[in-house]
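What follows is a set of notes on a single structure, which appears directly below.
We did not get these values from a lab; they are worked out from the coordinates using the rules stated. Source: prediction; values computed, not measured. Cβ placement follows ideal geometry from the backbone for every residue including glycine, while neighbour counts extend to all protein chains displayed.
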């Protein structure tokens, strides 16, 4: 398989930039290798950030990133000898060894197979100090197998997640270009939904339309959450298994388009649509959340503590007679739907120029779900213009 099969791939220079930045940080801590694993391309950004290839569909993909050698990768596939890849291999760039094994998260007795291959690689390279990246999100059998395999040495294991997070959170110009393309794609998807939404459609018909438009436009993965409800009832974000309701005239519909764009970067767009005229509760709720979004944007500056922004948002909500946030309402995005920093009370990473942030305040009652969601880039002086061009309003159709 060659690299030309990828519709949009990251540039060679961008991959080199990432590898060099990480290797410099590894040298500062005398780390010989980093180990990471992903199982999907919604929340699996470490693997794609290093290799430009995601894990998919629950099939794990492990990566060993060496301080002084090409990467080794282990993924689901036939049992057999490892493949040594040439330096100019077009698909697996930066990878020297590709290992496969028929291991599955659903088959308990295979859970240690990938770890055994990784441990052998770490030993083959003589690693003395190994950093685990996102260990808590790895499959337990993989992480436990590596720790068990290295229990008696020669390598020691430490957490290196923040080492990568701090670099990954700041977007390059090439990454920012792809993030803008993701937002533009979502605007196109939403416009297609507006043009085709009709009474009699099921919620799933609408999300299927959105999903097709996204895929044809270059998206690779993601989710479309939605639901409809009669006036005076709550229409929350619901997954595909709860999208069987049929939409009637006068109903309102809430849609979250959270798909990645060409090249795999995520943004997210949410709006409310009414098949008729919006009632006063919807209008007032949306207006409040737009004001809440503006308030948060006024606080986002490089160097500001995320915990301080979260506390200020809660104070603003209470001052307007609204409940404080219990969800995650503002956070970083990239190859992951959700990545650091998180705007909440326990985030230790400060805001910095070059971050891509989703800002989506919301609240719900028994009769109302009010929400808005858009993306912004953080510059030296604060947030950029909204990356989405979809108007910030309730859309009335029909």
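Using only the Cα atoms of segment 73-197, each taken as one equal point scatterer with no solvent, compute I(q) by the Debye sum, divide by I(0), and report log10 of the ratio at q = 0.13, 0.15, 0.16 Å⁻¹. Taking Cα atoms of segment 73-197 as identical point scatterers yields -0.76, -0.91, -0.97. By the count of other C-beta atoms within 10 Å, a proxy for reagent exposure, 138, 6 are ordered fewest to most as 6, 138.
If each DSSP helix of 4+ residues adds -39,500 (n - 2.57) and the sum is divided by the residues in the chain, what number results at 222 nm, nearest 500 deg cm²/dmol? The partial results should precede the final answer.
Numbers: 9 runs with 127 residues, N = 398.
Helix-only estimate at 222 nm: -10500 deg cm²/dmol.
When you restrict to C-alpha pairs under 8 Å that are six or more residues apart and normalise by the size of segment 261-398, the relative contact order lands at 36 percent.
Size descriptor for segment 173-396, Kirkwood hydrodynamic radius: 17.6 Å (Cα pairs only, one decimal).
Could you list 266, 109 in order of exposure, starting from the residue whose Cβ has the fewest other Cβ atoms within 10 Å?
Numbers: 266 30, 109 9.
Going from sparsest to densest Cβ surroundings: 109, 266.
The angle between the Cα long axis of helix 140-149 and the main principal axis of the chain comes to about 20°, on a 0 to 90 degree scale. Mind running the shape call on segment 3-168? Use the C-alpha gyration tensor, a ≥ b ≥ c as the square roots of the eigenvalues: rounded below 1.5 for a/c, prolate if a/b tops b/c, oblate otherwise. Since a/c stays below 1.5, the shape of segment 3-168 is classed as rounded.
Calculated on the Cα set of segment 39-113, radius of gyration then Dmax: 12.4, 37 Å.
Reducing segment 303-333 and segment 54-127 to their Cα centroids gives an inter-centroid distance of 41 Å.
Which of 65, 142 comes first, and how do the rest follow, when ranked by fewest Cβ neighbours within 10 Å? Don't jump to the answer; show the numbers that get you there.
Working: 65 28, 142 24.
Ordered from fewest to most neighbouring Cβ atoms within 10 Å, 65, 142 come out as 142, 65.
In plain terms, if you count all Cα to Cα distances in the chain and split them into 10 Å steps from zero, the share in each step is 5, 22, 28, 24, 15, 6, 1 percent. Approximating the spin labels as points 7 Å out from Cα along Cα→Cβ, the residue 231-to-residue 19 distance works out to 6.1 nm.
Scattering from segment 265-398 was approximated by placing one identical point on each alpha carbon and applying the Debye formula without solvent; log10 I(q)/I(0) at 0.12, 0.13 1/Å stands at -0.46, -0.53. Take every Cα pair under 8 Å whose residues are at least 6 apart in sequence, average their separation, divide by the length of segment 3-168, and the relative contact order is 21 percent. Each of residue 105 and residue 240 was given a label point 7 Å from its Cα along the Cα-to-Cβ line. The distance between the two points is 1.5 nm.
Mean sequence separation of contacting Cα pairs (under 8 Å, at least six apart), scaled by the length of the chain, corresponds to a relative contact order of 14 percent. Entry for segment 1-66 at q = 0.22 Å⁻¹: log10 I(q)/I(0) = -1.01, Debye formula applied to identical alpha-carbon scatterers, no solvent contribution.
Counting residues in segment 264-332 as N, plug N into 2.2 N^0.38 Å and put the Cα Rg over that result.
Details: Rg = 14.2 Å, N = 69, 2.2 N^0.38 = 11.0 Å.
Cα Rg divided by the expected 2.2 N^0.38 Å: 1.29.
Relative to the longest principal axis of the Cα atoms of the chain, the long axis of helix 113-124 makes an angle of roughly 50 degrees. Counting only alpha carbon atoms, the long axis of helix 173-196 and the longest principal axis of the chain meet at about 40°. The shape of segment 200-313 can be summarised by an equivalent ellipsoid whose semi-axes, obtained from the alpha carbon gyration tensor, come to 28, 22, 10 Å from longest to shortest.
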